[in-house]
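Here is the structure we will look at.
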Amino acid sequence: TGKLAYIAALDSALISTSERGVIGSEYILEHLHPNIDGYYEIARVFARTIVDNVFPGQPSAAQVDEVKLKGLIAMTPLDRAIADYRIKLLISGWPFTSGRSITLADLVADNVEEKFARRMLSKELNYEQAHVGLAEYYVDQGDHQSAANEYYVLSATFPHNDSPLLLLVRELITLRDFDRALPFLIRASSMSTDAFSIKWTGTILLERGRLAESLKYLQRAVEINPLDGQSRFNLAGAYYRSESYEKAIRELRKLLQQQPGFPGAQIFYEQLSQVIAERDGKKAN
């Protein structure tokens, strides 16, 4: 049988939502390259063509949370500022105008994102340094969400580098955005021996009731950092919920030896001791 090819009508799709029926700056950067909205609309048409032709009659395959999907785009106001500056420099001269081409010195930075963009374009900072520097500025301002977005872009741009990923999960934990943090934590834990990430992976999995998975991470966290009381306390909790009472009380004994005043440890130990005593009493009878 022959292979089928499906046509994605990009031009008509973009024209239908363009001002005056002509594809312009809402979707194109200069004369040729799509901007982020242009690429998004192109991807939407490709996806719709695939769904309609390859998965006909399956509406669930076509339902997309647009807000969530756009949130996955690895781009921040810094990236937009870099792109805007580059385009302004490009189209300031021939063949776009007959006047003198402007230089970076002619461009005014109106906000902190544009200031970092100029520093990158002037080669004072490289791409990674610009994003990290801006993220650190956001943290100083208490804006952990914007900082997380900068590290998210770096983690997507450099997927084999664990550094931005580890910084990202710390910001998400600070925000207590555990749902968003979990997949990044799992990925970070597979790339790194960072005890913080491994502990929080196990802790969140424990809260989600995924006991077998949480035990694996919490055991590893305790092995890496035996003096982290929270890791050991959480490991005891995971053992308890798995009904491995002896293992749980062993971890609590170690915790109380290391940190006698750890919050909740003594009460947990006493309650667990009672549970074990009652269980053993029933067995004896």
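Looking only at segment 70-98, filter to residues that are hydroxyl-bearing (Ser, Thr, Tyr) and surrounded by 13 or more Cβ atoms within 10 Å (Cβ to Cβ); which one of those is modelled with the lowest pLDDT?
Filtering segment 70-98 down to residues hydroxyl-bearing (Ser, Thr, Tyr) leaves 76, 85, 92, 97-98.
Restricting the remaining residues to those that are surrounded by 13 or more Cβ atoms within 10 Å (Cβ to Cβ) gives 76, 85, 92.
Details: THR76: 96, TYR85: 93, SER92: 89.
Checked segment 70-98; the qualifying residue modelled with the lowest pLDDT is SER92.
Could you tell me whether segment 23-32 includes any residue that is among the aliphatic types (A, V, I, L, M), in contact with a Lys or Arg (Cβ under 9 Å, 6 or more places away or on another chain) and in a helix (DSSP H, G or I)? So that I can check it myself, show each step before the final result.
As a first pass, look at segment 23-32 and keep what is among the aliphatic types (A, V, I, L, M): 23, 28-29, 32.
Now drop any that are not in contact with a Lys or Arg (Cβ under 9 Å, 6 or more places away or on another chain), which leaves 29.
Those left that are additionally in a helix (DSSP H, G or I): none.
For segment 23-32, residues among the aliphatic types (A, V, I, L, M), in contact with a Lys or Arg (Cβ under 9 Å, 6 or more places away or on another chain) and in a helix (DSSP H, G or I): absent.
Please find, within segment 13-22, the residue that is surrounded by the most Cβ atoms within 10 Å (Cβ to Cβ) out of those that are free of Cβ contacts under 8 Å to residues at least 12 places away in the same chain and touching a helix residue (DSSP H, G or I) at 6+ places or on another chain (Cβ under 8 Å). It would help to see each step written out before you state the result.
The initial filter retains those residues of segment 13-22 that are free of Cβ contacts under 8 Å to residues at least 12 places away in the same chain, namely 15-16, 18-22.
After this cut, where a residue has to be touching a helix residue (DSSP H, G or I) at 6+ places or on another chain (Cβ under 8 Å) as well, the list is 15, 21-22.
Values: ILE15: 14, GLY21: 9, VAL22: 8.
Filtering segment 13-22 for residues that are free of Cβ contacts under 8 Å to residues at least 12 places away in the same chain and touching a helix residue (DSSP H, G or I) at 6+ places or on another chain (Cβ under 8 Å), the one surrounded by the most Cβ atoms within 10 Å (Cβ to Cβ) comes out as ILE15.
Output the residues belonging to segment 223-258 that are assigned to a helix (DSSP H, G or I), under 15 Å from LYS199 (Cβ atoms) and either open to solvent by 70 Å² or more (accessible area, probe 1.4 Å) or not polar (S, T, N, Q) (or both).
Hits for segment 223-258 are GLU223, ILE224, GLY229, GLN230, ARG232, PHE233, LEU235, ALA236, GLY237, ALA238, GLU251, LEU255.
Which condition does SER25 not pass, out of (1) surrounded by 12 or more Cβ atoms within 10 Å (Cβ to Cβ); (2) more than 26 Å from LEU121 (Cα to Cα), if it passes all the others?
(2)
Of everything in segment 200-222, what is open to solvent by 20 Å² or more (accessible area, probe 1.4 Å), farther than 21 Å from TYR269 by Cα and assigned to a helix (DSSP H, G or I)? Give them in sequence order.
TRP200, ALA212, GLU213, LYS216, TYR217, ARG220
Could you say which residue among VAL108, VAL67 is open to solvent by 80 Å² or more (accessible area, probe 1.4 Å), more than 19 Å from SER155 (Cβ to Cβ) and in a loop (DSSP other than H, G, I, E, B)?
VAL108
Only one residue in HIS160, HIS144, HIS131 is open to solvent by 80 Å² or more (accessible area, probe 1.4 Å), of a type outside the set (S, T, N, Q), out of contact with any strand residue (DSSP E or B) (no Cβ under 8 Å at 6 or more places or on another chain) and under 30 Å from GLY202 (Cα atoms). Which one?
HIS160
The values are calculated or read from the model by the stated rules, or taken from the named source; none is laboratory data. Since this is a predicted model, take the numbers as computed values, not measurements. Glycine also receives a Cβ, built like all others from the backbone with ideal geometry; neighbour counts cover every protein chain displayed. Areas reflect the complete protein model, heavy atoms only, side chains present, ligands, DNA and RNA absent. Shrake-Rupley method; radii C 1.70, N 1.55, O 1.52, S 1.80 Å.
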